[in-house]
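K.L.:
My structure is below; once you've seen it, I'll send some questions.
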Amino acid sequence: MAVTIQQLTQWKQKRAIISLTAWDYSLAQVLDQAGVDIILVGDSLAMVGLGYASTLPVTLDEMIHHAKAVCRGVEQALVVCDLPFMSYQTSVTQAMVAAGRVLKETGVAAIKLEGGHPRILETVAELTTIGIPVMGHIGLTPQSFRILGYKQQGKTPQQANLLIDQAIALEQAGAFAIILEHIPSNLAATITSKISIPTIGIGAGNQCDGQVLVTADLLGLSGKQPPFAKSYANLRQVITDAVQDFAEEVQNQKFPQS
Ligand code: KIV
């Protein structure tokens with residue numbers, strides 16, 4: 001049975017929601033078969049997959065291209081695609097056109113967008129009204145790194161209250177889940193207790209309803225990773241060893257065998 005948005009809501013505070021990022025067919029297939037609940041075609045693609053210095057340059061066409069590949073590999077997980085920088089901030093109409101393209105052309109179940117200020121809330125409300133499910137994302141929002149940097153958000157009482165208000169407002173606007181990125185764990189716990197939709201944390205402590213990581217960080221493939229990420233493997237080393245073994249066998253005419 002494929003994961004549904006309704007199931008995610010029911011899982012809140014019953015069982016942890018597992019989410020990881022993917023941007024190609026093979027990896028998406030492995031994550032899906034490993035039982036990941038939500039596969040996010042995140043705009044971290046820009047940095048991890050395409051080598052840009054930030055998430056800003058990735059385009060809507062590139063996100064659609066990768067989301068299509070991911071969807072071809074997934075049978076069970078709920079696939080969510082980020083709307084990239086400047087594909088939704090200009091107007092509600094722009095957001096509708098971008099989100100509509102993503103849903104029509106890729107097969108993903110939902111889109112994600114960053115922020116919780118009034119214009120974004122209006123956009124979330126309009127998108128959900130026309131049948132496009134939206135995942136929110138507050139705290140450290142990398143598309144705003146020119147203003148926020150990459151530091152932890154919500155550290156002062158004012159900032160914390162703003163994030164609590166934004167989370168409540170996102171739920172009221174119709175978001176089905178919210179990513180909480182790089183905020184204090186007690187703040188994430190407060191937000192999680194104040195809303196009835198699931199929170200998915202990244203660098204937000206262990207009291208969220210689920211956790212997400214950038215898969216390249218989890219696998220030890222990223223050149224550099226944020227302080228809150230954890231690597232469960234060292235694929236850089238595994239790949240280097242495999243490539244060197246291959247090179248050595250070719251040099252010594254051990255491969256191919258005849
Ligand atoms: O783009 C991304 O991968 C994300 C996750 C870090 C949540 O938004």
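Read the figures in this text as sums done on the coordinates, not as results from a lab. Note that the structure is predicted; figures quoted are calculated from it, not measured. As a convention, Cβ positions derive from the backbone with ideal geometry for all residues, glycine included, and neighbour counts pool all protein chains shown.
K.L.:
For residue 17, which sequence-distant residues (separation of 5 or more, or a different chain) have an amide H within less than 5 Å of its own amide H, given hydrogens modelled in the peptide plane?
P.N.:
Result for residue 17 returns 210, 211.
K.L.:
Helix 118-129 sits at what angle to the longest principal axis of the chain, using alpha carbons and giving 0 to 90 degrees rounded to 10?
P.N.:
So the helix axis and the longest Cα principal axis differ by about 80 degrees.
K.L.:
Mind putting a number on the dipole of segment 5-233 about its Cα centre? Charges go on the C-beta only, +1 for Lys and Arg and -1 for Asp and Glu, and I need it in Debye to the nearest 20.
P.N.:
Details: 15 positive and 17 negative charges, 79 e Å.
Roughly 380 debye for segment 5-233.
K.L.:
Could you tell me whether the chain comes out rounded, prolate or oblate from its Cα gyration tensor? Rule is a ≥ b ≥ c as square roots of the eigenvalues, rounded for a/c under 1.5, then prolate if a/b exceeds b/c, otherwise oblate.
P.N.:
Numbers: a/c = 1.83, a/b = 1.61, b/c = 1.14.
Because a/c hits 1.5 or more and a/b exceeds b/c, the chain counts as prolate.
K.L.:
Per DSSP helix of 4 or more residues, -39500 (n - 2.57); summed, then divided by the residues of the chain. What does that give at 222 nm, rounded to the nearest 500? Before the final figure, lay out the partial values.
P.N.:
Numbers: 10 runs with 109 residues, N = 258.
So the helix-based figure for the chain works out to -13000 deg cm²/dmol.
K.L.:
Between segment 1-34 and segment 199-258, what is the C-alpha centre distance in whole Å?
P.N.:
20 Å
K.L.:
Of 174, 57, 185, whose Cα points farthest to the positive end of the dipole of segment 5-233 (charges on the beta-carbon: +1 Lys, Arg; -1 Asp, Glu; origin at the Cα centre)?
P.N.:
The listed residue farthest towards the positive side: 185.
K.L.:
So, one more: Assuming 0.36 nm per residue, please report the length gained on full extension of the stretch residue 243 to residue 94 beyond their Cα-Cα distance. Provide the component values of the computation, followed by the final result.
P.N.:
Numbers: separation 149, 0.36 × 149 = 53.64 nm, distance 4.54 nm.
Going from the current span to full extension adds 49.1 nm.
K.L.:
Report the chymotrypsin sites (Phe, Trp or Tyr not before Pro) located in segment 157-258 that are in a DSSP loop and have at most 14 other Cβ atoms inside 10 Å of their Cβ, or state none.
P.N.:
Details: sites: 176, 228, 232, 246; in loops: 176, 228, 232.
For chymotrypsin sites (Phe, Trp or Tyr not before Pro) across segment 157-258 that sit outside H, G, I, E and B with at most 14 neighbouring Cβ atoms in 10 Å, the list reads 232.
K.L.:
Next up: Can you tell me how much longer the chain between residue 147 and residue 26 gets when fully stretched, taken as 0.36 nm per residue apart minus their C-alpha distance, in nm with one decimal? Mind dumping the intermediate values first?
P.N.:
Working: separation 121, 0.36 × 121 = 43.56 nm, distance 3.55 nm.
Stretched out fully, the residue 147 to residue 26 stretch lengthens by 40.0 nm.
K.L.:
Work out how much length residue 155 to residue 50 would gain on full extension: take 0.36 nm times their residue separation and subtract the Cα-Cα distance, in nm to one decimal. Spell out each step's value before the answer.
P.N.:
Values: separation 105, 0.36 × 105 = 37.80 nm, distance 3.19 nm.
That pair, residue 155 and residue 50, stretches by 34.6 nm at full extension.
K.L.:
Taking the alpha-carbon centroid of each part, what is the distance from segment 125-157 to segment 160-194 in angstrom?
P.N.:
Centre-to-centre distance over Cα atoms comes out at 10 Å.
K.L.:
Sorted by average packing, counted as other Cβ atoms within 10 angstrom per residue and highest first, what order do 134-142, 208-216, 147-155, 28-36 take? Could you put the intermediate results ahead of the total?
P.N.:
On the way: 134-142: 26.1, 208-216: 23.2, 147-155: 15.0, 28-36: 17.8.
The peptides rank, most packed first, as 134-142, 208-216, 28-36, 147-155.
K.L.:
Relative contact order for segment 5-233 using alpha-carbon pairs under 8 Å, separation at least 6, rounded to a whole percent? Write out the running numbers ahead of the final one.
P.N.:
On the way: 468 pairs, mean separation 41.3, N = 229.
So the answer I get is 18 percent.
K.L.:
Give the calculated FRET efficiency between residue 11 and residue 250 to the nearest 0.05, with a Förster radius of 30 Å applied to their Cβ-Cβ distance.
P.N.:
On the way: r = 49 Å, r/R0 = 1.64.
Result of the calculation: an efficiency of 0.05.
K.L.:
So, R0 is 35 Å and r is the distance between the beta-carbons of residue 168 and residue 234; what FRET efficiency does that work out to, to 0.05? Write out the running numbers ahead of the final one.
P.N.:
Details: r = 41 Å, r/R0 = 1.16.
Plugging the Cβ-Cβ distance into 1/(1 + (r/R0)^6) gives 0.30.
K.L.:
Amide H to amide H, which residues 5 or more places from residue 204 or on other chains are under 5 Å from it, using H placed in the peptide plane?
P.N.:
For residue 204, whose amide H was placed from the backbone, the distant partners under 5 Å are 182, 183.
K.L.:
Report, to the nearest 10°, how far helix 92-106 tilts away from the longest principal axis of the Cα atoms in the chain, using its own Cα long axis and a range of 0 to 90°.
P.N.:
The two axes meet at around 40 degrees.
K.L.:
How far is helix 60-73 tilted, in degrees, relative to the longest principal axis of the Cα atoms in the chain, given as a value from 0 to 90 rounded to the nearest 10?
P.N.:
70 degrees
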